[in-house]
1. Check each of the trypsin sites (Lys or Arg not before Pro) in the range A:243-346 and keep only those in coil by DSSP with at most 12 other C-beta atoms within 10 angstrom; list them in order.
2. Which distances in nm, rounded to one decimal and ordered from shortest, link the label point of residue B:61 to the equivalent label points in the other identical copies, with labels set 7 Å from Cα toward Cβ?
3. Over 24 Å between C-alpha atoms is what I'm after, so list which of A:291/B:281; B:26/B:415; B:12/B:415 land there.
4. Sum up the charges of everything whose Cβ sits under 12 Å from the Cβ of residue B:15, counting Lys and Arg as +1 and Asp and Glu as -1, but leave residue B:15 out.
5. Take B:114, A:275 and order them by how many other Cβ atoms sit within 10 Å, fewest up front.
6. Viscosity 0.890 mPa s, temperature 25 °C: Stokes-Einstein D of the range B:213-371 from its Kirkwood Cα radius, in µm² per second?
7. What average count of beta carbons from other chains do you get within 10 Å of the Cβ of residues in B:103-110?
8. Quick check: net charge around residue A:267, other residues with Cβ under 10 Å of its Cβ, Lys/Arg +1 and Asp/Glu -1?
Number of protein chains: 2
Amino acid sequence: MFYKDYTKEQLKEEFEKLTKELEEIKNLKLSLNMSRGVPCQEQLELSRSMLDIINSSVQCQTIDGQDCRNYGIMDGIPSCKALMAQMMSVSPDMVMVGGNSSLNMMFDTIATFMTTPVVEGEKPWYEVKNRKFLCPVPGYDRHFGITEYFGFEMITVPMTENGPDMDIVEELVKDDSVKGIWCVPKYSNPQGITYSDETVKRLAQLKPAAKDFRIMWDNAYVIHDLTEEEVSLLNIFEECKKADNIDLPIQFCSTSKITFPGSGVAAMAASSNNMKVIKNKYKFQTIGFDKINMLRHVRFFKDFDGMKAHMKKHRAILKPRFDMVVENIKNNIEEYGIITYLEPKGGYFVSVDVMEGTAKRVVALCKEAGVILTGAGATYPYSNDPKDSNIRIAPTAPSVADLSKAMYVFSVCCKYAAVEKLLNTNA
Amino acid sequence: MFYKDYTKEQLKEEFEKLTKELEEIKNLKLSLNMSRGVPCQEQLELSRSMLDIINSSVQCQTIDGQDCRNYGIMDGIPSCKALMAQMMSVSPDMVMVGGNSSLNMMFDTIATFMTTPVVEGEKPWYEVKNRKFLCPVPGYDRHFGITEYFGFEMITVPMTENGPDMDIVEELVKDDSVKGIWCVPKYSNPQGITYSDETVKRLAQLKPAAKDFRIMWDNAYVIHDLTEEEVSLLNIFEECKKADNIDLPIQFCSTSKITFPGSGVAAMAASSNNMKVIKNKYKFQTIGFDKINMLRHVRFFKDFDGMKAHMKKHRAILKPRFDMVVENIKNNIEEYGIITYLEPKGGYFVSVDVMEGTAKRVVALCKEAGVILTGAGATYPYSNDPKDSNIRIAPTAPSVADLSKAMYVFSVCCKYAAVEKLLNTNA
């Protein structure tokens, strides 16, 4: 029975029961963390042998004979460009390989356009005093952080099960102070939604008022499947080409959640017009990124098939964790009508909406009970979830046993906060 | 006898002789490069065993138990901060360790201040339309590139044998649109000059009109001695502290010319006020740089003494190269009164001034004869050497045998260009 259909007496009784359960949990003095999308130890171990690939007995030359240990090759070694190009489904000449962080490349891209126009004749974004950026919500807090740092007003766009609500996006881009949109098109952070073909086509066909409007296409989970299905995503560049809009998207990806989060390889892909502006900045910024690490990755995977085979090992580790989260929601919370969620087919999170007005309370209660969740509201710009209902669960780092405990705590806290709210509302 | 004292007849005779020599050289079809400060293969080999340090059988924990393979630790692992702090003669809490490139950190620092004031209440530099930067000349082309990219007017300051001419610097900083100065304080690029105690003190005591004036202290060659002397440099932070000016300098260094140029570790050091602004940017820019590579470096060197011992091996490789350059100048060019130079005690270059108005010609002649030099003028902002006389020789990459050939070519070209010019002037 749904809590909203409980009588006041039933709610009081339930609250007493939940209060006791919460007390018992607190006595366990747990210390569990489901707050960030961090790979677990077993996942790190999958790439341990990569550390042997480049050693003192191997040569470190690129396929065209350049020494990876020395200076140079600003946009990445050819073999690594080719590998990252396959990952992003683009041609290698569209690719630039960077350091260890795609977030860094995204930050640098926005930073570049702040002071240098991406389209000749347009104002650098610094000079657009009312500059705005579209932020599908719920979304990735670190994306929002970048545009907040650079003084953009962030306009939220609700996510549907097919991606950002395109009716709203098409309306908003009529404002020429709207300069871009953040997208995690596959297995979105946090909901795990993959943009439908229609959504990708409509994005590719956008005719924004701002000539320098850009789609930040963060393909962070491009091969991060949790099921056999390998959900497909339309190729944004191909769709943009058809729409004569090739300069619209800039794609990003990395191996952070494939090899090592701290020591992976990041890359970006864009049209030649965009790349001209971006590389003209990088050539002043660096002589080149870490080519030994690029070589290490290429030789470890051998090719893209090798990388995909590696991802199956990740899946085997992650699937039971996601199942534990989803089953716990299904078995312990759903029946009370206080939670909605999507079962993700990939990515790193389970996004849930708890009873409106209780998300902050749930996170606080969990914390008191020894379970750290991502701060409520983190999935919204300015950490402001107007309904106070979205919570991002990150199931990758804890063990399945710990997740079982943590999700039990979470279920009790969800119920406690809901009943507490209903009692206060009815009082 | 100096060429300037030659009679016209003697000059003509010399020119004929040099023309023949140049023809003979061209017939050799040489292909030699003395253009960039790139370590040679033997130097790269010194760090080959570093590639074995982190392998699949070692643990990758920091001293406080964090896994270097995973996300986090935005400002660098403690042990690497400590090592880089020793290198920069500062306390570890002043240090942030970055990626593989100190140039990248310098670029990012200027980029940060373009849009975010380093001193609260001051304008971001983007808004200072007539922003200026002081550039000691001859200097490092990539420094000048950064400030040119960001639209600074670059004001040249002549180098003396004690560092930048401080009388001029002290005058120029009275203009509040002058926002900083580029410095390579030890074994400067390209002259190999180490700033005198007086120069460092006067820099530390500057009272610039701009509250947000910053000294970009690029300590690229801090332990890169070519002699037993280990020339000493006053500690800029200590001097600034005495002068109540601790926010003035920002120091940079890297292991690019210690381990691998493409895969070293870079770091910066600054006061807490400066670091607050800088880290508040980095926390949006990245989750953390490559910690495995930091760990690799720390374990390879063990401590700062290990790093210094390693530098002696570099010295043994580099000293004969620098000697070859200097001896060649002494034996083959100096007697004609057409060259001045300083014999460097460290760093990566030999800077020479050839006869005024002939540097471009010398570089062009050398190129025709198969020897690539750094473009004439590259050591000046906008590549504009008003006297057209400075040439930067980079002796590290070629073998001693190749250097011998290249310097012979250089000597013939210097003489040819000088005699040619004298003949034209007298015509």
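1. A:302
2. Going from nearest to farthest copy, the values are 4.2 nm.
3. A:291/B:281
4. 0
5. Numbers: B:114 22, A:275 19.
Sorted ascending by nearby Cβ count, the order is A:275, B:114.
6. My calculation gives 128 µm²/s for D.
7. On the way: counts 4, 10, 2, 1, 6, 6, 0, 1.
Mean number of neighbouring Cβ atoms from other chains: 4.
8. Counting the neighbours of residue A:267, the net charge comes to 0.
The numbers here are math on the coordinates, done by the rules we state, and not lab data. Computed from a prediction, not measured in an experiment: that's the story for all the values here. For neighbour counting, all protein chains shown are included, and Cβ atoms are generated from backbone atoms with ideal geometry for every residue, glycine included.
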